[in-house]
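K.L.:
Structure in structure tokens, see below.
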Amino acid sequence: MKNVSTTNAPAAIGPYSQGYVVGNLVFASGQIPVDPATGEIAGPDIAAQAEQSCKNVKAVIEAGGSDISKVFKTTCFLADMADFATFNSIYEKYFTSKPARSCVAVKTLPKNVLCEIEAIAEI
């Protein structure tokens, strides 16, 4: 196992890693829409937050030696399922390979953000 760490995604805000490489797979921890340059939440709406979450996942996957086009599974968490269509419109720009996915609404996400994305990619 190899720990994945990059300054191009937000640092972990708890006792976990940004990701791990295990064999020929990269596991990216859930990425919330924190801009790693400022430490601030990227915008008040789902579009801006989905965009930043996707960028953060991409950064972790790349730091693990893979590419976002090789993501084959994601799990997406939304604070409000009413944001599903807008979230999808941003998500599909990044995850063009259409990985297998679960998308669920949850009561609350860290820092009260609107979305979180975790991913698994092949190296």
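The values are calculated or read from the model by the stated rules, or taken from the named source; none is laboratory data. Source: prediction; values computed, not measured. With ideal geometry, Cβ positions are generated from the backbone for all residues, glycine too; neighbour counts draw on all protein chains shown.
K.L.:
Taking the residues in the stretch 72-89 that are free of Cβ contacts under 8 Å to residues at least 24 places away in the same chain and of a type in the set (A, V, I, L, M) as candidates, determine which candidate is surrounded by the fewest Cβ atoms within 10 Å (Cβ to Cβ). So that I can check it myself, show each step before the final result.
P.N.:
Residues of the stretch 72-89 that are free of Cβ contacts under 8 Å to residues at least 24 places away in the same chain, as a first pass: 82, 84-85, 88.
In the following step, the residues that additionally are of a type in the set (A, V, I, L, M) were identified as 82, 85.
Numbers: ALA82: 11, ALA85: 9.
Out of the qualifying residues, it is ALA85.
K.L.:
Inside the stretch 76-89, can you point out the residues that are farther than 20 Å from GLU40 by Cβ and of a type in the set (Gly, Ala, Ser)?
P.N.:
Selection gives ALA82, ALA85, SER89.
K.L.:
Kindly provide the set of residues from the stretch 21-43 that are in contact with a Ser or Thr (Cβ under 9 Å, 6 or more places away or on another chain), in a strand (DSSP E or B) and without any contact (Cβ under 8 Å) to a residue 24 or more places away in the chain, ordered by number.
P.N.:
Once the filter is applied, which keeps residues that are in contact with a Ser or Thr (Cβ under 9 Å, 6 or more places away or on another chain), in a strand (DSSP E or B) and without any contact (Cβ under 8 Å) to a residue 24 or more places away in the chain, the stretch 21-43 yields nothing.
K.L.:
Looking only at the stretch 1-24, filter to residues that are within 17 Å of the chain's Cα centre (by Cα) and hydrophobic (A, V, I, L, M, F, W, C); which one of those is surrounded by the most Cβ atoms within 10 Å (Cβ to Cβ)?
P.N.:
Ranking the qualifying residues of the stretch 1-24, first place goes to ALA9.
K.L.:
To continue, here is another question. For the stretch 90-123, which residues satisfy the criterion of being surrounded by fewer than 16 Cβ atoms within 10 Å (Cβ to Cβ), in contact with a helix residue (DSSP H, G or I) (Cβ under 9 Å, 6 or more places away or on another chain) and under 16 Å from ALA42 (Cβ atoms)?
P.N.:
Of everything in the stretch 90-123, just one residue is surrounded by fewer than 16 Cβ atoms within 10 Å (Cβ to Cβ), in contact with a helix residue (DSSP H, G or I) (Cβ under 9 Å, 6 or more places away or on another chain) and under 16 Å from ALA42 (Cβ atoms), namely LYS93.
K.L.:
Quick one: which residue in LYS111, LYS107 is over 24 Å from VAL22 (Cβ atoms), without any contact (Cβ under 8 Å) to a residue 60 or more places away in the chain, among the basic types (Lys, Arg) and not in a strand (DSSP E or B)? Explain how you work it out, then say what you get.
P.N.:
Numbers: LYS111 fails: without any contact (Cβ under 8 Å) to a residue 60 or more places away in the chain.
LYS107 is the lone residue from the list that is over 24 Å from VAL22 (Cβ atoms), without any contact (Cβ under 8 Å) to a residue 60 or more places away in the chain, among the basic types (Lys, Arg) and not in a strand (DSSP E or B).
K.L.:
Condition test on ILE46, is it at pLDDT 95 or above, β-branched (Val, Ile, Thr) and closer than 26 Å to LYS2 by Cβ? Before the answer, list the steps.
P.N.:
On the way: at pLDDT 95 or above: yes; β-branched (Val, Ile, Thr): yes; closer than 26 Å to LYS2 by Cβ: no.
No, not satisfied.
K.L.:
Then there is this: Please enumerate the residues belonging to the stretch 80-96 that are among the aromatic types (Phe, Trp, Tyr) and within 13 Å of the chain's Cα centre (by Cα). Quick ask: steps written out before the conclusion?
P.N.:
Of all residues in the stretch 80-96, those among the aromatic types (Phe, Trp, Tyr) come to 84, 87, 91, 94-95.
Those that are among the aromatic types (Phe, Trp, Tyr) and within 13 Å of the chain's Cα centre (by Cα): PHE87, TYR91, TYR94, PHE95.
K.L.:
Only one of SER53, SER97, SER17 is under 15 Å from ILE117 (Cβ atoms) and assigned to a loop (DSSP other than H, G, I, E, B). Can you tell me which?
P.N.:
Values: SER53 fails: assigned to a loop (DSSP other than H, G, I, E, B); SER17 fails: under 15 Å from ILE117 (Cβ atoms).
From the options SER53, SER97, SER17, the qualifying one is SER97.
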